[in-house]
Amino acid sequence: PLSVIEAHTSLALAQERDAAWYRGAFGRVDRESKRMRRLLEDMLWLARFDAAAAPPATEPVDLGVLAAQAADRFAAVAETRRLHLGVHVPPTQVLVAASPDLLDRLIGVLLDNACKYAPEEGTVDVTVAAEGTRATVTVDDSGPGIAEEDAARIFDRFHRSVATSSEAGGAGLGLAIGDAIVRATGGRWTVGRSPAGGARFSVTWSRASLG
């Protein structure tokens, strides 16, 4: 982002240009500034997480409530790209013992990733399910899926998929944050192909009870 910002400011200072050029340049500077802020925020989050002396306190958390709240936050993002954002949660509570802040961040990471990679007018679905003693949250998208050459590195910090489009471009820290949260909360990943054709990310935990 800094290279793009520096290039546009240098060009703007080099000579007089018309208003349309300045509007385009400021638009690019604005987008790159936001990318840089997000990168710094993600790096700081990971640094604080790595340096934490003790894991965060846990409590019974309803995955269905968190999934519905996260989907509501991403409704505007989906609308701007004309995505169909589906939310599928059971009528009864699906509880796991974890930090609600960490799980909220995890679901947000997965939805953000799905909304970036799904094509315009595509689909993104978040599903919460319970089976026996296990609870699962799954996010599916209709994007390009995970390339074979990326499969072993998708959770590496700063790794970006070879299928990343210009619209989906990030810093490669989102899934690294998600993986840190999954490990810290005792979850287990299942990653594969979505029925919608794109990627499927599922995380499973042991169920908790209020008693």
Checklist outcome for this item: Projected onto the charge dipole of the chain (unit charges on the beta-carbon of Lys, Arg, Asp and Glu, signs +1, +1, -1, -1), the Cα from 56, 142, 122 with the largest positive-side position is that of 56
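About the Cα centre of region 47-161, how large is the charge dipole given +1 on each Lys and Arg Cβ and -1 on each Asp and Glu Cβ? Please answer in debye to the nearest 20.
The calculated dipole for region 47-161 is roughly 240 debye.
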Checklist entry - Relative to the first principal axis of the alpha-carbon coordinates of the chain, what is the inclination of helix 2-14, with its axis defined by its Cα atoms, in degrees from 0 to 90 and to the nearest 10? => result 20 degrees
Checklist entry - What is the dipole size for the chain, taken about its Cα centre, with +1 at each Lys and Arg Cβ and -1 at each Asp and Glu Cβ, in debye to the nearest 20? => result 200 debye
Next on the checklist: Taking Cα Rg over 2.2 N^0.38 Å straight from the coordinates, which label in (1) 1.51; (2) 1.14; (3) 1.19 is the correct one?
Outcome noted: (2)
Checklist outcome for this item: With -39,500 (n - 2.57) per DSSP H segment of 4 or more residues and division by the full residue count of the chain, the 222 nm estimate, nearest 500 deg cm²/dmol, is -14500 deg cm²/dmol
Item to check | Highest to lowest packing among 13-20, 108-115, scored as the average C-beta count within 10 Å | outcome: 108-115, 13-20
Checklist entry - For the pair residue 13 and residue 101, how long in nm is the line joining their label points, each one 7 Å along Cα→Cβ? => result 4.0 nm
Checklist entry - So, in nm, how far is label residue 59 from label residue 38 when the simple model puts each one 7 Å beyond its Cα toward the Cβ? => result 3.0 nm
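Readers should treat all values here as calculations from the given coordinates under stated rules, not as data from a laboratory. Quick caveat: nothing in here was measured; it's all calculated off a predicted structure. Note: ideal-geometry Cβ built from the backbone for every residue, glycine included; neighbour counts use all protein chains shown.
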